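K.L.:
This structure is in structure tokens; I'll ask about it shortly.
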Amino acid sequence: VQLQAFGGGLVQPGGSQRLSCATSGLPFSFTFMAWYRQAPGKQRELVASITSSGTTAYEDFVKGRFTISRDNAKMTVYLQMNMLKPDDTAVYYCNRLRYSGPNWGQGTQVTVSS
């Protein structure tokens, strides 16, 4: 399984960023996917998830600001992030929902700062 997240960068507070995560080696259309993040000195945490049929769920700290979506034909999952806050600064990863193994692929750094 390969996972490659990209689209991160430096953004000002209140700004927006769209992350993409390209995957391969997964039965993607049937796989529940999620975005996670890990801030410096903290454990990795779940941000948002999407089922194979497109039902979404969000952690409270991003609800109303972030939107997860997927394109099964492209085997890609997206995270639209709006109204970004400094606390959103982290490395963002995509993976299967409830995954706890060692393969986290390449994350993408998002830094929210003025």
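K.L.:
Residues of segment 71-102 being part of a strand (DSSP E or B) and touching a helix residue (DSSP H, G or I) at 6+ places or on another chain (Cβ under 8 Å), which ones?
P.N.:
First pass over segment 71-102, keeping only residues part of a strand (DSSP E or B): 71, 76-81, 90-96.
81, the sole residue that qualifies.
K.L.:
Another question, then. Please specify each residue of segment 43-78 satisfying the condition of being of a type in the set (S, T, N, Q) and either in contact with a Pro (Cβ under 7 Å, 6 or more places away or on another chain) or farther than 14 Å from residue 18 by Cβ (or both). Reasoning before the result, please.
P.N.:
Just the residues of segment 43-78 that are of a type in the set (S, T, N, Q), to begin with: 43, 49, 51-53, 55-56, 67, 69, 72, 76.
Answer for segment 43-78, where residues must be of a type in the set (S, T, N, Q) and either in contact with a Pro (Cβ under 7 Å, 6 or more places away or on another chain) or farther than 14 Å from residue 18 by Cβ (or both): 43, 49, 51, 52, 53, 55, 56, 72.
K.L.:
Another question, then. If you take the residues of segment 41-68 that are among the acidic types (Asp, Glu) and touching a strand residue (DSSP E or B) at 6+ places or on another chain (Cβ under 8 Å), which of them is surrounded by the most Cβ atoms within 10 Å (Cβ to Cβ)? Working first, answer last.
P.N.:
Going residue by residue through segment 41-68, those that are among the acidic types (Asp, Glu) are 45, 59-60.
Then drop every residue that is not touching a strand residue (DSSP E or B) at 6+ places or on another chain (Cβ under 8 Å), which leaves 45, 59.
On the way: 45: 12, 59: 14.
Restricting to residues being among the acidic types (Asp, Glu) and touching a strand residue (DSSP E or B) at 6+ places or on another chain (Cβ under 8 Å), the top hit is 59.
Just so you know, all these numbers are worked out from the coordinates, no wet-lab data involved. Since we're looking at a predicted model, the values are computed, not measured. Note that each Cβ is placed from the backbone with ideal geometry, even for glycine, and that neighbours are counted across all protein chains shown.
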